[in-house]
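See below for the structure under consideration.
The values are calculated or read from the model by the stated rules, or taken from the named source; none is laboratory data. Computed from a predicted structure; not experimentally measured. Positions of Cβ are generated from backbone atoms using ideal geometry, with glycine treated the same way; all protein chains shown enter the neighbour counts.
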Amino acid sequence: MRLIPAKWKKSLLKYGARWALGLLMTAAAALYTLNFFPADAVAHLDTFLSDQRMRIAPPLLDPRIVIVDIDEKSLTEIGRFPWSRNVMARLVSQLTTHYHAGAVGFDISFPEPDTSSGYDVLRQLSQHELKDVAGFGSRLAELRPQLDYDGLLAAAIDGQPVVLGYNVSNKQTKGVLPAPAFTVASLNGREVDAYAASGYEANIARLQHAASGAGIFTAMTDADGVVRTSTLLQKIGDAYYPSLSLATTAVFLKARAIAPYFSQTVDQLSAADLDNGGLENIVLFTPAGQVGIPVGEGLTTTVQFRGGGGPSGGAFRYVAAADVLAGRVAPALLAHAIVLVGTTAPGLNDLRATPVNAEYPGVEVHANLIKSMLDHSFKARPYDGFVLEALQVLALGLFLTAMLGRLPPAWSTALSAALMAAVAGLNYYLYARQDMVLNMAVILLLVFALFLLDIAWGYFFEVRRGRALVSRFGEYVAPELVAEMADDPAKYNMDGESRELTVLFVDVRGFTTISEGLTPKALREYINLYLTAMSEDIRDSHRGTLDKYIGDAVMAFWGAPVAFADHASRAVATALLMQRSARRLNDDFIARGWPPLKIGIGLNTGLMHVGDMGSKIRRAYTVMGDAVNLGSRLEGITKVYGVDIAVGAATRAAAPEFVYRELDLVRVKGKREPVAIFEPLALERDIDAAVRAELARWNEALAAVRAQRWDAADALIEGLRAAAPGRGLYALYLTRIAHYRAHPPGPDWDGVTTFETK
């Protein structure tokens, strides 16, 4: 220590421990970049940042690629999908011979023959039941070409730059594969790693033989279900087959072959290159020369998403398939363009989760890949990327370790923020301008961690100061929300404020009768089991705020103290869960010989006053307002309609992922304006065809009631009740119809039911 200057010795005594910890953190970050150990959390953050980086660049419309969209408009005009092949034949003819598209790629497959023309049925009739009808057989033979829809489509495709799509799987083998890009035998002993499939669902032979090619459109997702990469070729058996994007690009560029490119002979390969046989590029041999496409591990490439996807995304022009069929599209839009035929219509299952949009049209994934191939622009991680990342870690880590301890808090904050911005800016520059994909999560985390180290004492003071506030919320919200609030207590308080929330009321039906039929001990256990189940559904399952118990009733709300954008969806999901829990409890109660359990739930969404309210003697964190009162009224009138749950129109609009049955237009006590009320049934994806058909008939019946068409309404509802005799809603409306027949409401009747009691 005597050899150390006094000034340095003083600095070591003052900052030594902090410097040592900073150096340790820097060393750990550097070792991570050099792949000495994994850290899933950092990897997930890198994925998130990479996704956000892709969102930043504004999309530029590329006129070379057009998506012909089988959208809702087209389904309305043409009919439900899949369309008959004669319609698809007209679509192909329009695109190729009328609009002169440069290439047409189908993000759709045709794995089975089309029998929708009815020709097979007519042929059977001509051979049996109608064989004695003069001229029937000969006329049918004349009509056969017009009724051969597969033949019509094959004829439209033949000789045109049309590429069909198909799916690969390991479950089945159907259809005919196209000619492969290359085979194992053509690799001369090299082993090229690729994703392999044992099965496929390809196109029927007539169509495949007529097409100029075919490509795989099977989506490739990461562990979180998001599409970030795509295969360019996949292996089926001993051959390699191109993706739809690669096959379509090859046809557009009139490539005579797709082949792998190796820069070294087998004996020149290093150990690092052996895994992929030294493959560097996939090459398209076109009349204009060779077009190289870089590939990554497994013959994949990173998808460079442009724009938010869909007709409003801005990167690619969408035209409706119906407009193409009708010739309503300007010829200049499609002439010599690459046309991809796909769908964005809900229910046709071609929406993918991507970094830029959770519901991204699958066809646009192929469009982005084709654009990268045409522009020769591919984002890729450089071979020495980990070295560049390690250098950044060491430079910033050492600099901050030396500087932060000497700076006041304001300057430390400014310096850390500036360095994080510089890291992000450099990373984006390398990505956007140099096509280099580098990770930056560990660098940002290191800067942030060193900053936190410098101001740790302030953080602990804040935790202490907010501990009392957070503990007060513990009786209202789930433990995980309390932990979240404890991380930043300054964001939360019990002061009154107005906020859009969703409130829920649940009550036991016939509780007076239940209490009279049980001993005090049994009643206590009955109500405790019920309240516990309802409270757990509210707090633990969907992170609601438990407001209070009002006798056998429970009040809860969502959206405060922790704000949720989807508070209405959480509340509806909770109500459906409580409904299931009540049925489970009911089975248990009946088995014990207790009275059955029946509950009613009311939900409403709207502007409410939330905060710590009450008197000097007792206070509570609760909600108030007209929207709250309406929620209570809705719970009360569930018994009138024979349903377990009733929600207001605002809740239905805020939680559109659920399917609802409209119950009525009502005017509750204390409100002038009528409100529509609904019964939530389940998530959209969980509703089967039978329920959808019942809902359609009910909506028709409800419209007939409001139009005072009593006979039509009566017939429809009688039919519904016959199928579901236990549904009290139908019995209620049949009673109303009988009343209206005897006491016509008059021409100015607005269809609203008024409730004079709470």
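How many residues are more than 13 Å from D664 (Cα to Cα) and under 37 Å from the mean Cα position of the chain (by Cα) when one looks only at region 722-742?
Result for region 722-742: 5.
K669 fails exactly one of the following numbered conditions: (1) of a type in the set (K, R); (2) at pLDDT below 90; (3) farther than 21 Å from D750 by Cα. What is the number of that condition?
(3) is the only condition that K669 fails.
Given (1) within 28 Å of Q434 (Cβ to Cβ); (2) over 36 Å from the mean Cα position of the chain (by Cα); (3) of a type in the set (V, I, T), where does V393 come up short, assuming only one miss?
V393 satisfies all of (1) within 28 Å of Q434 (Cβ to Cβ); (2) over 36 Å from the mean Cα position of the chain (by Cα); (3) of a type in the set (V, I, T) except (2).
Residues of region 398-430 being buried (at least 16 other Cβ atoms within 10 Å of the Cβ), aliphatic (A, V, I, L, M) and under 30 Å from P58 (Cα atoms), which ones?
L415, L419, M420, V423, A424, L430, listed by residue number.
Looking at region 250-263, can you tell me whether even one residue there is in contact with a Gly (Cβ under 6 Å, 6 or more places away or on another chain), in a helix (DSSP H, G or I), under 30 Å from P361 (Cα atoms) and modelled with pLDDT of 85 or more? Walk me through how you get there before you give the answer.
Looking only at region 250-263, we keep the residues that are in contact with a Gly (Cβ under 6 Å, 6 or more places away or on another chain), and these are 251-252, 262.
Narrowing the set further to residues that are in a helix (DSSP H, G or I) leaves 251-252.
Narrowing further to those that are under 30 Å from P361 (Cα atoms): 251-252.
From what is left, the residues that are modelled with pLDDT of 85 or more are 251-252.
Yes, that holds for at least one residue.
Mind listing whichever residues of region 429-453 are basic (K, R) and either in contact (Cβ under 8 Å) with a residue 12 or more places away in the chain or outside any helix (DSSP H, G or I) (or both)?
The initial filter retains those residues of region 429-453 that are basic (K, R), namely 433.
Of everything in region 429-453, nothing turns out to be basic (K, R) and either in contact (Cβ under 8 Å) with a residue 12 or more places away in the chain or outside any helix (DSSP H, G or I) (or both).
So in region 215-230, with the set limited to residues that are in contact with a Gly (Cβ under 7 Å, 6 or more places away or on another chain) and surrounded by 20 or more Cβ atoms within 10 Å (Cβ to Cβ), which one is nearest to T343 (Cα to Cα)? I'd like the intermediate steps shown before the answer.
The first filter runs over region 215-230 and keeps only residues in contact with a Gly (Cβ under 7 Å, 6 or more places away or on another chain), leaving 215, 217, 219.
After this cut, where a residue has to be surrounded by 20 or more Cβ atoms within 10 Å (Cβ to Cβ) as well, the list is 215, 217.
Numbers: G215: 17, F217: 13 Å.
So the residue we want is F217.
State whether one or more residues within region 87-102 are closer than 13 Å to A214 by Cβ and either modelled with pLDDT of 95 or more or not assigned by TED's automatic domain parsing to the domain that holds G362 (or both).
Checking region 87-102: not a single residue is closer than 13 Å to A214 by Cβ and either modelled with pLDDT of 95 or more or not assigned by TED's automatic domain parsing to the domain that holds G362 (or both).
Just to check your reading of the model, which residue among A335, A321 is farther than 30 Å from E280 by Cα, assigned by TED's automatic domain parsing to the domain that holds A247, more than 21 Å from the chain's Cα centre (by Cα) and buried (at least 23 other Cβ atoms within 10 Å of the Cβ)?
Within the list A335, A321, the selection yields A321.
Hand me the list of strands (runs of 3 or more DSSP E) wholly inside region 270-379 holding 2 or more residues that are touching a strand residue (DSSP E or B) at 6+ places or on another chain (Cβ under 6 Å) and over 21 Å from L95 (Cα atoms).
Result: 279-286, 289-294, 300-302.
Quickly run through region 285-303 and pick out the residues that are of a type in the set (A, V, I, L, M, F, W, C), more than 15 Å from V192 (Cβ to Cβ) and out of contact with any Lys or Arg (no Cβ under 9 Å at 6 or more places or on another chain).
V291
Looking at S569, is it surrounded by fewer than 20 Cβ atoms within 10 Å (Cβ to Cβ) and at pLDDT 85 or above? Before you say what the answer is, go through the steps one by one.
Working: surrounded by fewer than 20 Cβ atoms within 10 Å (Cβ to Cβ): no; at pLDDT 85 or above: yes.
So S569 fails the test.
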